[in-house]
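Chemist: Would you mind keeping the following structure in view while I ask a few things?
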Amino acid sequence: MDITTSTAPPKQKLWNAAKIAEMYGYKDLDSFKAVIQKSVEVLYLLDIPYWKHVFPVYKDDLRSQVKDFEMSRFACFLAAMEADDKKANVEEIQMRIFKSVLLAPNQKNIFKEIERIKLRKDLSDAFQVLNKTIRKFGGTNYPNFMEAGYKGMYNMRHEALLKYRKLDIKSVLYDHIGKLELSFHIQKIIFVENAIRGLEIKGQYALEKNHEKIATDMRGLIMRNSGIKPEQFSIRTSLPNVIKNLKNIAKELT
């Protein structure tokens, strides 16, 4: 006798992951699990308890084997955004999902910001690693080290850059820039980190000069390939506001 045990609250409306996988054009649940995992990672990134949105369904009371998953409507939204858009049904289903809950136009667009949130997290992680490396190789003033990077990449100091881009002086620049600009910063940090370790660059002055040089090279790369200066990239909606809005939508769709 096949008995299944769900871990979901009895009154919460949920959708069966195996059926969703079939709708999206995946051959089975196993091939869809990567999409579920990405959805869980986004929930974690947004600081939304994933255990309120994705529930394993076990084969028996012993909970020894997961048979399926049950997903909240918000988790289904995330799965739609993370699914392979090359599959014939995915784009159509995304539109159907948006229409089914009557999202406002700005709410529809907010799901496109998830990739920017991921990149911002990657940048924060890269900065943490770089900060440790700077200290290890004799850096004593991290803010000055960062200013060298701004000078090289934007040809101005941090405060002047915020004013130029019409941002509040207390703003965090990286919360207001787009995916492409975030990607450039991540790449720059990788180059800086590798140069410090590979060339054994030591001392505050040498570290700052290395950062400024690599940032200047990145500036040239951007200008050659995009035709515009890095400081002329458009400003985006503050990521803390984006995350707040996504959390509000998650509450509505739990």
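The values are calculated or read from the model by the stated rules, or taken from the named source; none is laboratory data. These numbers come from a predicted model, not from an experiment. Ideal geometry is used to build each Cβ from the backbone, glycine not excepted, and the neighbour counts take in all protein chains shown.
Chemist: With respect to D168, determine if the residue is within 27 Å of L45 (Cα to Cα) and touching a helix residue (DSSP H, G or I) at 6+ places or on another chain (Cβ under 6 Å). Break it down into steps so the answer makes sense when it comes.
Modeler: On the way: within 27 Å of L45 (Cα to Cα): yes; touching a helix residue (DSSP H, G or I) at 6+ places or on another chain (Cβ under 6 Å): no.
No: the conditions fail for D168.
Chemist: In addition: Determine whether F32 is assigned to a helix (DSSP H, G or I), more than 19 Å from the chain's Cα centre (by Cα) and buried (at least 18 other Cβ atoms within 10 Å of the Cβ).
Modeler: Yes, satisfied.
Chemist: Can you tell me which condition R63 does not meet? The list is (1) modelled with pLDDT of 80 or more; (2) touching a strand residue (DSSP E or B) at 6+ places or on another chain (Cβ under 7 Å); (3) in a loop (DSSP other than H, G, I, E, B), and all the others hold.
Modeler: Checking R63 against (1) modelled with pLDDT of 80 or more; (2) touching a strand residue (DSSP E or B) at 6+ places or on another chain (Cβ under 7 Å); (3) in a loop (DSSP other than H, G, I, E, B), the one that fails is (1).
Chemist: Restricting attention to the range 194-211, does a residue exist that is among the acidic types (D, E), more than 23 Å from R135 (Cα to Cα) and buried (at least 16 other Cβ atoms within 10 Å of the Cβ)?
Modeler: No, the conditions are met nowhere in the range 194-211.
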